[in-house]
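In what follows, a structure is listed as C-alpha cells, so that the remarks can point back to it.
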Amino acid sequence: MPYPPPRTPSGPRRRTLFASAAGAALLAGCSADPGSGDSGDSPSATERARARAAEDSAGLLARYDAVLTAHPTLTERLRPLRAEVAAHVRAFGGAAATGSPSPTATGSPSPAASTATPQAVPATEKGALADLAAAERALADRRTKALLDVPGELARLMASVAAAGAAHAYLLTEGAR
C-alpha cells in the first residue's frame, strides 16, 4: 500500500522569510562604504537617524515595562526579550535601564526606569503579548524601510535589530497561542 505524499505547507516558510529579509537588509547596508563621508548623508543626518532609532527602542522598552508592571506573571517569559530591547537602546547610543521591573515585597512591580509616558496595557496577558508583538513588528518594519536612508554601519545595526524585532514578534505571537 503506497503512503500518501507528505503534506507540504503552501507558501514560504517563516525561516525563509526571516533569512530573506535579513539578507536583503545586509546587502543594502553593505552597499555604502562605511569610511566614506561623502555619500550624501551628513553626519548630522546619521546621528539623527541613530537618535531616532534609540528613541524608538526606548519607547518599546517602556511598553515592555508597562506590560511587566500590569502582568508580573509574564516576567520570566519577557525578561530575555526586554533585556535585548534594552541592549538595542544602548547599541543606538541611548541610555537604557538594564534591569527589568521586578516584584517588590508587596508583590507589585517596581517602577520602570524609562521616562516615557505610561502605556495603556490590555487587561489580559494574551492581549498584552499580542500588543507587544504588534509593536515589535511595526518597529521592525519601520527599521527595514529606513535601511536605504542610512550609511553602512548604521544600516547593518538597524538590519540586525530589525531582524531581532521580527524574531521577538514571532516569539510573542507563538507565546500568545
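Closer than 15 Å to VAL67 by Cα and open to solvent by less than 50 Å² (accessible area, probe 1.4 Å) - does that describe any residue in the range 135-158? Yes, that holds for at least one residue. Taking GLY59, is it in a loop (DSSP other than H, G, I, E, B) and modelled with pLDDT of 80 or more? Spelling it out, it is not the case that GLY59 is in a loop (DSSP other than H, G, I, E, B) and modelled with pLDDT of 80 or more. Here SER39 meets the list (1) assigned to a loop (DSSP other than H, G, I, E, B); (2) at pLDDT 95 or above almost entirely, failing just condition (2).
Selection of first residues in the range 78-93 that are closer than 14 Å to ASP56 by Cβ and of second residues that are acidic (Asp, Glu) and open to solvent by less than 10 Å² (accessible area, probe 1.4 Å), restricted to Cβ pairs under 6 Å at least 6 apart or on distinct chains, gives an empty result. Applying a threshold of 8 Å to beta carbon distances and a minimum spacing of six or more residues, or different chains, the list of pairs starting in the range 63-75 at a residue that is basic (Lys, Arg) and ending at one that is part of a helix (DSSP H, G or I) and surrounded by 24 or more Cβ atoms within 10 Å (Cβ to Cβ) reads ARG63/LEU132. Looking across ALA86, ALA66, one residue alone is buried (at least 22 other Cβ atoms within 10 Å of the Cβ), modelled with pLDDT of 95 or more, over 15 Å from LEU154 (Cα atoms) and touching a Pro at 6+ places or on another chain (Cβ under 9 Å). It is ALA66.
The values are calculated or read from the model by the stated rules, or taken from the named source; none is laboratory data. Predicted model, so just to flag it, every value in this text is computed and none were measured. Positions of Cβ are backbone-derived with ideal geometry, glycine not excepted, and every protein chain shown enters the neighbour counts. Side chains are part of the model used for accessible areas, which takes the heavy atoms of the whole protein and leaves out ligands, DNA and RNA. Shrake-Rupley method; radii C 1.70, N 1.55, O 1.52, S 1.80 Å.
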